[in-house]
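Please read the structure below before turning to the comments.
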Amino acid sequence: MLAVPWSGSDASPAANHDNFLHCLSTSPAANVSKIVFYTPANPSYPSVLQFSIHNLRFNTSAAPKPIVIVTPQTTSHIQAAISCSHKHRLHLRVRGGGHDYEGLSYVASRPFFILDLINLSSVKVDVAARTAWIQAGGTIGELYYQIGTQTTTLAFPAGVCPTVGVGGHFSGGGYGLSLRKFGLAADHIVDAHLVDVKGKVHNRASMGEDLFWAIRGGGGNTFGVVTAWKVNLLPVPENVTVFTVTKTIQQNATGIINRWQQVADRFPDDLFIRVILDRTETTTNSTATGRASFNSLYLGQAQSLLPLLQRDFPELGVEREDLIELTWIRSILYFAGYPTDSPLEVLRSQVPLTRKRNFKAKSDYVTEPMSERALEGIWRRILRPDIEDPELIFSPYGGRMSEIPESSIPFPHRAGTRYKIQHLVYWEREGREATDRHVDWIRELYGYLAPHVSKNPRLAYVNYRDLDVGSNNGAGFTSHEEARVWGVKYFKGNYERLVRVKTAVDPRNFFRNEQSVPPLTAWK
Ligand code: FDA
């Protein structure tokens, strides 16, 4: 058996650290421009590390810390870091925007360094060609900003929160409120630059169609380091329409969600209405109640939306004054939680609008509407007073999502999906007891929902990373058979092709984490 680069007894972290730094500093790339890195001895180390940690659950003193954080300015710095990682057996984690739900881009159970792409973040939009090149350390907010300042009739279908990084987001699919019209972010990638395990730089033509297929949804930190994506931009009208209508349990939220389940994936593709379930207080006597927020983007004008809703979803009771018309870029501000007249520059901020908290999330796919009785069980759990901030988001599929074949890219959740559920719980209280209580809560909810969601396998969205659905062996030697446990939940039949691509491009499993697709051979 061959040895994986870091297998056997790891050299001591201190030795790795010194040799690795020496290797970086003396690499040919460092002769051209300085390779910037931070060790714990550097006063900026904590702030550089924490800046892109978006889940405070992994910002504790007990969480394993990187031996070094490398912040490349050029592709040659990435090549140098990969080469030194091989030589000195220091495990690598790539970090884009740092939004991984399980912290996999900045936490590892063996000595490791972070390759933090934060300085590779430029975006170039070509309005005439309807394309954009985005460096992999950029955010979706920066992409939106660059589109929105140059045109009002082009858009891109990525996520809601502007600070999310394109590095991880596009690697796992990436969706937003125009999903029913356009599909996923990854459906619109037309080229990419990637540094492979040997340090070679590729574009689409040189990496080949198999690898190009795998990186558009097969999960980050698996096939190489993506340094840039090229995407097609999509046409939108000068004005779109948004609304948010809320209903409490007392206002028949349950019955209206039930109706939503019947119609939301069958509306015209231009209409996306998601439902956010959380807890609020009644206005009458300030007791806790469940609230459903129907939150919508329509790629058209209010005058055509209103009759459509009155005909197909009258139960929601939407009125003309609920509907807001604005440009697509201002709808991005709306869904991100900013006042819609904010300067567009707020989209460039890498600091989230709301404070960072601890959270745990899960996902599910629903193919048949669940009963009102089942929905009532969700409310009972949301109303538990000892749970700080529970939330479920139901996002309808259908439309363009149903037309794209399951094997078009690794993301397989297409025709037959009515909606996706994201289960979330946030909390601020520190300490083990609070963490256990909230994590136990979401696991119990997940168990409760099992009869009402997809089965055999119970499907999940890789960008809502959840190590509860299965994990590679912490010691590092996971066979593709063992990884199949979680792999088919994220990728269905595409898992096998991902294993084949991984075997071809990284047979010794250099790029890996707790949920990266392994190669065919189980390395010992
Ligand atoms: P991060 O840097 O943590 O990377 C995630 C994974 O990709 C890691 O394994 C990392 O190693 C790898 N990776 C990153 N850059 C890479 C590169 N250049 N090359 C290779 N591997 C790379 N999703 C969604 O679809 N729609 C949404 O609206 C939202 N909204 C949202 C809001 C908030 C607040 C959070 C925390 C998350 C979301 N997400 C989401 C989920 C998001 O899409 C997912 O967490 C992405 O993987 C985040 O990508 P980042 O680059 O920010 O994370």
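Values quoted throughout were computed directly from the atomic coordinates according to the rules given, and no laboratory measurement underlies them. Worth saying up front: this structure is predicted, and the values here are computed from it rather than measured. All Cβ positions, glycine included, derive from the backbone under ideal geometry; neighbour counts span all protein chains shown.
Computed values, structure above
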{"item": "Cα-based radius of gyration of region 36-188 once divided by 2.2 N^0.38 Å, which approximates compact folds", "result": "1.12"}
{"item": "Percent RCO, i.e. relative contact order, over the chain, from Cα pairs under 8 Å lying at least 6 residues apart", "result": "15"}
{"item": "On Cα atoms only, tilt of 372-382 relative to the major axis of the chain in degrees", "result": "60"}
{"item": "Nonlocal amide H pairs with T289, under 5 Å, H built at 1.01 Å", "result": "T280, E281, T282"}
{"item": "Check: the chain dipole with +1 on Lys, Arg Cβ and -1 on Asp, Glu Cβ, in debye", "result": "1080"}
{"item": "Cysteines having no other Cys beta carbon under 4.7 Å from their own, within the chain", "result": "C161"}
{"item": "Rounded tilt (10° steps) of 253-263 against the dominant C-alpha axis of the chain", "result": "70"}
{"item": "Table column - 3J(HN,Hα) (Hz), region 294-307, Karplus curve with 6.51, -1.76, 1.60, x for Gly and Pro", "result": "8, 10, 9, 10, 10, 8, x, 9, 4, 5, 9, 6, 4, x"}
{"item": "Prolate/oblate/rounded label for region 369-505 (Cα gyration tensor, a/c 1.5)", "result": "oblate"}
{"item": "Vicinal HN-Hα couplings computed from phi for region 327-334 (Karplus, 6.51 cos²θ - 1.76 cosθ + 1.60; Hz; Gly/Pro x)", "result": "6, 4, 5, 6, 5, 5, 4, 4"}
{"item": "Point-charge dipole on Cβ atoms (K/R +1, D/E -1) for region 273-383, about Cα centre, debye to 20", "result": "720"}
{"item": "Proximal lysines relative to K200, as straight alpha-carbon distance under 30 Å, when same-chain residues fewer than 8 apart are discounted", "result": "K34, K65, K87, K124, K230, K502, K524"}
